[in-house]
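**Q** Handing you this structure, nothing more for now.
Please treat every number below as a calculation from the coordinates, not as lab data. Everything numeric in this text was worked out from a predicted model, so none of it was measured. Cβ coordinates were reconstructed from backbone atoms using ideal geometry, including for glycine residues, and neighbour counts include every protein chain displayed.
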């Protein structure tokens with residue numbers, strides 16, 4: 001089973017969330033466009049899904065429940081490591097990347113608060129800022145350039 005396919009910005013690789021068996025947790029995989037060189041880049045207990053691949057990056061980003069809360073993680077597309085990209089935030093929807101890939105927006109809130117808003121952060125998770133009021137959140141969309 002595979003869901004949430006995304007092409008790399010240069011079109012040479014693909015990433016997706018998938019499981020080998022129906023009762024397995026979803027993991028994030030990357031591979032060459034010709035179907036070779038598959039790597040499990042998330043490789044952890046818990047749900048991993050909603051994979052994205054921002055412009056100008058060789059890393060894939062995905063949501064994961066490995067710490068119980070649905071948080072944003074990043075992984076090198078060659079499978080050589082993954083890390084928390086945005087800590088202590090509850091992600092409720094797939095992140096949406098700016099056209100340059102330097103920033104992302106998402107609907108969610110601080111873990112444990114139950115408050116929901118639209119947030120924006122830089123690719124490395126720095127510069128986190130709330131751009132809507134609580135309860136006013138929907139699905140963020142970047143304006144075209």
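**Q** Within a 10 angstrom radius of the beta carbon, how do 89, 45 rank from fewest other beta carbons to most?
**A** 45, 89
**Q** For residue 126 and residue 45 in the same chain, what is the full-extension length gain: residue separation times 0.36 nm, less their Cα-Cα distance, in nm?
**A** Between residue 126 and residue 45, full extension yields an extra 26.5 nm.
**Q** For a Förster distance of 22 Å, can you work out the FRET efficiency between the beta-carbons of residue 92 and residue 20, rounded to the nearest 0.05?
**A** My answer for the efficiency is 0.20.
**Q** Now for a separate question. Can you classify the stretch 1-92 as rounded, prolate or oblate using the Cα gyration tensor, where a ≥ b ≥ c are the square roots of its eigenvalues, rounded means a/c under 1.5, and otherwise it's prolate if a/b beats b/c and oblate if not?
**A** Here the stretch 1-92 falls in the oblate category.
**Q** Gap in Å between the Cα centre of the stretch 3-20 and the Cα centre of the stretch 71-88?
**A** Going from one Cα centre to the other spans 15 Å.
**Q** How much length is gained on full extension from residue 139 to residue 100, taking 0.36 nm per residue of separation minus their Cα-Cα distance?
**A** The residue 139-residue 100 span can extend by a further 12.1 nm.
**Q** While we're here: Listed highest first by mean packing, meaning other Cβ atoms within 10 Å per residue, what order do 30-37, 79-86 come in?
**A** In descending order of packing, they fall as 79-86, 30-37.
**Q** When the chain is fully extended, how far beyond the present Cα-Cα distance does residue 83 get from residue 37, taking 0.36 nm per residue of separation?
**A** Computed gain between residue 83 and residue 37 is 14.4 nm.
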